[in-house]
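*Asks:* Dropping the structure in here first, questions after.
The values are calculated or read from the model by the stated rules, or taken from the named source; none is laboratory data. Please read all numbers here as calculations on a predicted model, not as lab measurements. A quick note on method: Cβ atoms are made from the backbone with ideal geometry, for glycine too, and the neighbour counts reach across all protein chains shown.
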Amino acid sequence: MTVCGDGGMVTTNDDKIAEVVKSLRDVGRSVNNPYFHERIGYTARMNSINAAIGRIQLKYLEDWNEKINAQEIKYCNWVLDLLNAKCGERILDVACGKGALVYTAEKRGLESFGVDISEVACRLAKRDTQTLRLVVGDAENLPFRKQ
């Protein structure tokens, strides 16, 4: 989505994320106490025309996301083809994000694992499929035995 370079928007159904975003957009103020700043935030405000563009674009967001996801799966298959990955082999995706490569590899019969430093990314990936083997961890200190 674009709002002509003057701002952005966040959509979520996670109350914790919504609370953090509300705080950030208001100079980091606490949602419960406007005189307490829990974090560093900003006061950039979007003008009405750009906000209207953003609201209209929301109608297309689901379709755009489906197209992006389809491209992502094509890319993951391309990467697996490039690796010449065979059924039953193991693959570790470091910085796996929402787990697209791990998911695609599993679909192709690979034993796949993912690690990402973002707990939110791993949680979102597992929301789509509970069978993904994703671990929250640091790429410099992988939480796996050396094999």
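*Asks:* Does at least one position in the range 39-56 carry a residue that is farther than 23 Å from Glu119 by Cα, in contact with a helix residue (DSSP H, G or I) (Cβ under 9 Å, 6 or more places away or on another chain) and modelled with pLDDT of 80 or more? Before you say what the answer is, go through the steps one by one.
*Replies:* Residues of the range 39-56 farther than 23 Å from Glu119 by Cα: 42-56.
Now restrict to residues that are in contact with a helix residue (DSSP H, G or I) (Cβ under 9 Å, 6 or more places away or on another chain): 42-46.
Keeping just the survivors that are modelled with pLDDT of 80 or more gives none.
No: zero hits.
Listed here are the residues, each with its yes/no results for (1) assigned to a helix (DSSP H, G or I); (2) in contact with a helix residue (DSSP H, G or I) (Cβ under 6 Å, 6 or more places away or on another chain).
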site: Asn65; (1), (2): yes, no
site: Cys76; (1), (2): yes, yes
site: Cys87; (1), (2): no, no
site: Gly97; (1), (2): no, yes
site: Tyr103; (1), (2): yes, no
site: Glu106; (1), (2): yes, no
site: Gly109; (1), (2): no, no
site: Arg123; (1), (2): yes, no
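*Asks:* Counting just the residues of the range 32-58 that are of a type in the set (Val, Ile, Thr) and more than 24 Å from the chain's Cα centre (by Cα), which one comes out nearest to Val120 (Cα to Cα)? Outline the logic, then answer.
*Replies:* Of all residues in the range 32-58, those of a type in the set (Val, Ile, Thr) come to 40, 43, 49, 53, 56.
Right, trim to more than 24 Å from the chain's Cα centre (by Cα) and you get 43, 49.
Details: Thr43: 25, Ile49: 32 Å.
This residue is Thr43.
*Asks:* Sticking with this structure for a sec: Of the residues that sit in the range 19-44 and are exposed (fewer than 11 other Cβ atoms within 10 Å of the Cβ) and not hydrophobic (A, V, I, L, M, F, W, C), which one is nearest to Ala100 (Cα to Cα)?
*Replies:* Here the residue is Tyr42.
*Asks:* In the list Leu132, Leu92, Leu142, which residue meets the criterion of being more than 27 Å from Lys16 (Cα to Cα) and in contact with a Phe, Trp or Tyr (Cβ under 7 Å, 6 or more places away or on another chain)?
*Replies:* Working: Leu132 fails: more than 27 Å from Lys16 (Cα to Cα); Leu142 fails: in contact with a Phe, Trp or Tyr (Cβ under 7 Å, 6 or more places away or on another chain).
Criteria check complete, one pass: Leu92.
*Asks:* Here is a follow-up. Scan the range 13-57 for residues that are in a helix (DSSP H, G or I) and not acidic (Asp, Glu) and report the count. Reasoning before the result, please.
*Replies:* Restricting attention to the range 13-57, the residues satisfying the condition of being in a helix (DSSP H, G or I) are 15-25, 48-57.
Checking the rest, the ones that are also not acidic (Asp, Glu) come to 16-18, 20-25, 48-57.
Adding up the residues that qualify gives 19.
*Asks:* Counting only residues that are at pLDDT 85 or above and of a type outside the set (S, T, N, Q), which one in the range 1-20 is nearest to Asn50 (Cα to Cα)?
*Replies:* First, pick out the residues of the range 1-20 that are at pLDDT 85 or above: 12-20.
Filter once more, so that each one left must be of a type outside the set (S, T, N, Q): 14-20.
Details: Asp14: 25, Asp15: 26, Lys16: 27, Ile17: 23, Ala18: 21, Glu19: 23, Val20: 23 Å.
Looking at residues that are at pLDDT 85 or above and of a type outside the set (S, T, N, Q), I get Ala18.
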